[in-house]
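Here is the structure we will look at.
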Amino acid sequence: MAETIDEITIHYEEEGQVLTKEIKKEVLTKGSWTTIVFKYCEWNKRNEEFGPEKASIRRYKKYNGRYSMQSKFNISSAKQANQIVDILGEWFPKEG
């Protein structure tokens, strides 16, 4: 658990091997409930290389001075990400 938003990461290692590499992080909301979108990739043990880029939207709750993940939604491919963008663009067109 992290004490600040800057400390929150999706990066994960085991025995010195990076298994989840954070590429980018965007904070959507701050406060006692924080929403962050991560761009990341995962280590493929079989191929011994990082796989395709993915995205994860995660919600954190601050309790007793520490952020704890409450929920997440993983976007597993560029195709799925683009489908979500298209649908939300239809539902919520940019104004002005």
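Please treat every number below as a calculation from the coordinates, not as lab data. Predicted model, so just to flag it, every value in this text is computed and none were measured. Note: ideal-geometry Cβ built from the backbone for every residue, glycine included; neighbour counts use all protein chains shown.
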Residue-wise, which Karplus ³J(HN,Hα) couplings in Hz belong to segment 17-30, taking 6.51 cos²θ - 1.76 cosθ + 1.60, θ = phi - 60°, and x for glycine or proline?
9, 6, 9, 10, 9, 6, 9, 8, 9, 10, 8, 8, 9, 10
Amide H neighbours of Leu19 under 5 Å, at least 5 residues apart or on other chains, H built in the peptide plane: list them.
Tyr12, Glu13, Glu14
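Just how large is the dipole of the chain about the Cα centre, in debye to the nearest 20, putting +1 at every Lys and Arg Cβ and -1 at every Asp and Glu Cβ? Please list the in-between numbers first.
On the way: 16 positive and 15 negative charges, 73 e Å.
Result for the chain is approximately 360 debye, rounded to the nearest 20.
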Could you give the length gained on full extension between Gln83 and Val18, defined as 0.36 nm per residue of separation minus the Cα-Cα distance, in nm?
20.5 nm
Under 20 Å from the Glu95 label point (7 Å along Cα→beta-carbon), backbone N, segment 11-46:
29
Rounded to the nearest 500 deg cm²/dmol, what is the calculated helix-only ellipticity per residue at 222 nm for the chain, with -39500 (n - 2.57) per DSSP H run of length n ≥ 4?
-4500 deg cm²/dmol
Among the trypsin sites (Lys or Arg not before Pro) within segment 1-90, which fall in a DSSP loop and have no more than 10 other Cβ atoms within 10 Å of their own Cβ?
Lys45, Arg46
Mind sorting out which of (i) 38, 28, 10; (ii) 25, 23, 9; (iii) 24, 15, 11 is the real semi-axes √(5λ) of the Cα gyration tensor in Å computed from the coordinates?
(ii)
